[in-house]
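Notes to accompany the following structure.
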């Protein structure tokens, strides 16, 4: 069973039919089946933000056909406030892979 974060934030996935459910993470698009499987294996509730960024980008790297670069990947943090990473911040995450 999924629960909201300690800060009270909840994540939901909505499919095109309008069905929704609470989840800890969800991949969409081509390669989503393999990415979802990797997310289930690697996710745990005690991940730091840096660990979560690295896991998410490493999974994306596995399923993308092109090389992961700041020009074709966006990363955003949504809590406590929304922040879209700059290209140099994305590059810093990429270098941790």
Checklist entry - Taking the stretch 62-79, which residues are out of contact with any strand residue (DSSP E or B) (no Cβ under 6 Å at 6 or more places or on another chain) and within 13 Å of residue 90 (Cα to Cα)? => result 68, 69, 70, 71, 72, 73, 74, 75
Checklist outcome for this item: Considering the stretch 14-28, residues that are at pLDDT below 85 and under 20 Å from residue 56 (Cα atoms), and then whichever is surrounded by the fewest Cβ atoms within 10 Å (Cβ to Cβ), we arrive at 28
Checklist entry - For residue 25, which of the numbered conditions (1) in contact (Cβ under 8 Å) with a residue 40 or more places away in the chain; (2) part of a loop (DSSP other than H, G, I, E, B) fails to hold? => result (1)
Checklist outcome for this item: Subset of the stretch 66-97, residues farther than 16 Å from residue 56 by Cα and either in contact (Cβ under 8 Å) with a residue 12 or more places away in the chain or surrounded by 13 or more Cβ atoms within 10 Å (Cβ to Cβ) (or both), comes to 71, 79, 80, 87, 88
Item to check | Members of the stretch 29-65 found to be loosely packed, with under 12 Cβ neighbours inside 10 Å and in contact (Cβ under 8 Å) with a residue 12 or more places away in the chain, listed by number | outcome: 30, 45, 49, 50
Checklist entry - Only one residue in 60, 39 is assigned to a helix (DSSP H, G or I) and at pLDDT 90 or above. Which one? => result 60
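The values are calculated or read from the model by the stated rules, or taken from the named source; none is laboratory data. A quick note: this is a predicted structure, and the numbers were derived from the prediction, not measured. In this analysis, Cβ positions are derived from the backbone assuming ideal geometry, glycine residues included, and neighbour counts consider all displayed protein chains.
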